[in-house]
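The structure appears right after this line, and notes come after that.
The values are calculated or read from the model by the stated rules, or taken from the named source; none is laboratory data. Keep in mind it's a predicted model, so treat the numbers as computed, not measured. Heads up, the Cβs are rebuilt from the backbone with ideal geometry, glycines too, and the neighbour counts pull from every protein chain shown.
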Amino acid sequence: MTRVDVQGGQLASAAEQGRICALAARGQRDLQRRAGAHPDLFPSKPFDAALFSSIALAMAFSAPWCTAEELALTGRAVLWGFAVDWQVDHLATSRSELDRITETCLAVADGAAADDPLGRFLAELRDDLAASPAFAGLRGLWREEIGRTLTAMAREWDWKTAAEDGTARPPTLTQYLANADNLAATVVNVAHWIHAGSSETHRQLPRLVTVSDEVQRALRLVNDLGTYERDLEWGDLNAIMLVDDRAEIERRTAAQIDHCRHLLAELAPSCPREADYLSRQLGFTSGFYRLTDFWGTR
């Protein structure tokens, strides 16, 4: 290969990366505008500019074939997940508060109006998603995923509270990974596929959710390896806290990622774009957490 060929390849690669970063820049501005309209829900600590940028970058690198308008909804779905996580993990002081959050969000998913910041933000997301022709037929699946996410977050809150009170032992690693819906990855993927997917994507959604759940478990472990020190400081639960040796989590992460590779290879012939999306999502996250975290200063 000549020097010109090499340089030409590098130029094309850099141009594509620049286009993806431009998608992310537009996504970040949209997230900041949306968050700015809900200041009570998104305080500057920990919802700083770097968090909005990181969300937008993650979405742009996961689905670079999408338009900025398509990715805007996906980014807002991620931001809703962060808002719920913050409310449950760091603001809620009682189980009744968690129950209220769950009841409000499920009512909004069913079409109700909301009178609290979290519910209003979800209502905006619901209305944007409802503009997709497929939403009417897939609304039940979206609501189910919201319910799974909220239930998983509440379950982790119960685990942490019981451990702090000394009334129960922490969960086992198996129980913890079975609760990976608390990461709010699959619920975002479902919204993304409803909004940006084809009719074949919509037909394949049950299978896509199954594979997404396995990727979500891998992301849970990757996240925990990258955020252990922050989780200690913030009082969050982390897989490393549930075992005697961090190396066990590293081995489990490698095994889960390998498992996902096999599932994605099997998925690719019938759902190539969706398999690519999940593969890129896992790859981006694995690289991202080697150096930083999504959350800003508490």
Original post:
List the pairs whose first member sits in segment 277-298 and is more than 15 Å from ARG217 (Cα to Cα), whose second member is surrounded by fewer than 17 Cβ atoms within 10 Å (Cβ to Cβ) and of a type in the set (Phe, Trp, Tyr), and whose Cβ atoms are under 8 Å apart, counting only residues at least 6 apart or on separate chains?
Top reply: ARG298/TRP234
**OP:** Please work out if THR210 is hydroxyl-bearing (Ser, Thr, Tyr) and touching a residue at least 24 places away in the same chain (Cβ under 8 Å).
**Re:** no
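So that you can scan it fast, the table gives a plain yes or no per residue for (1) in contact (Cβ under 8 Å) with a residue 40 or more places away in the chain; (2) among the β-branched types (Val, Ile, Thr); (3) over 26 Å from GLN28 (Cα atoms):
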| residue | (1), (2), (3) |
| --- | --- |
| LEU79 | yes, no, no |
| THR102 | yes, yes, yes |
| ALA107 | no, no, yes |
| GLY111 | no, no, yes |
| ASP116 | no, no, no |
| LEU125 | yes, no, no |
| LEU138 | yes, no, yes |
| THR149 | yes, yes, no |
| ALA154 | yes, no, yes |
Original post:
Are there any pairs with C-beta distances below 8 angstrom linking a residue in segment 245-267 that is surrounded by 12 or more Cβ atoms within 10 Å (Cβ to Cβ) to a residue that is basic (Lys, Arg) and in a helix (DSSP H, G or I), with the two at least 6 apart or on different chains, and if so which?
Top reply: GLN256/ARG217; LEU267/ARG207
**OP:** Specify which of the listed residues (THR210, THR186, THR174) is in contact with a helix residue (DSSP H, G or I) (Cβ under 8 Å, 6 or more places away or on another chain), modelled with pLDDT of 95 or more and within 21 Å of ILE257 (Cβ to Cβ).
**Re:** THR186
Original post:
Of all the residues that make up segment 279-298, how many are under 17 Å from ALA58 (Cβ atoms) and either among the β-branched types (Val, Ile, Thr) or in contact with a Leu (Cβ under 6 Å, 6 or more places away or on another chain) (or both)?
Top reply: 5
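Every residue, every condition in (1) at pLDDT below 95; (2) of a type in the set (Ser, Thr, Tyr), yes or no:
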| position | (1), (2) |
| --- | --- |
| ASP245 | no, no |
| ILE257 | no, no |
| LEU263 | no, no |
| PRO272 | no, no |
| GLN281 | no, no |
| THR285 | no, yes |
| LEU291 | yes, no |
| GLY296 | yes, no |
Subject >> Single residue of ALA162, ALA191 found to be more than 24 Å from TYR277 (Cα to Cα), hydrophobic (A, V, I, L, M, F, W, C) and out of contact with any strand residue (DSSP E or B) (no Cβ under 6 Å at 6 or more places or on another chain) >> reply: ALA162
Original post:
Only one residue in GLY197, GLY287, GLY235 is out of contact with any Asp or Glu (no Cβ under 7 Å at 6 or more places or on another chain) and on the phi > 0 side of the Ramachandran plot. Which one?
Top reply: GLY235
**OP:** Output the residue which, of all residues in segment 153-203 that are within 17 Å of the chain's Cα centre (by Cα) and of a type in the set (Asp, Glu), is farthest from THR253 (Cα to Cα).
**Re:** GLU156
Original post:
Which residue pairs have Cβ atoms closer than 7 Å, lie 6 or more positions apart in sequence or on different chains, and pair a first residue in segment 18-38 that is closer than 24 Å to PRO117 by Cα with a second residue that is crowded, with 16+ Cβ neighbours inside 10 Å and at pLDDT below 95?
Top reply: none
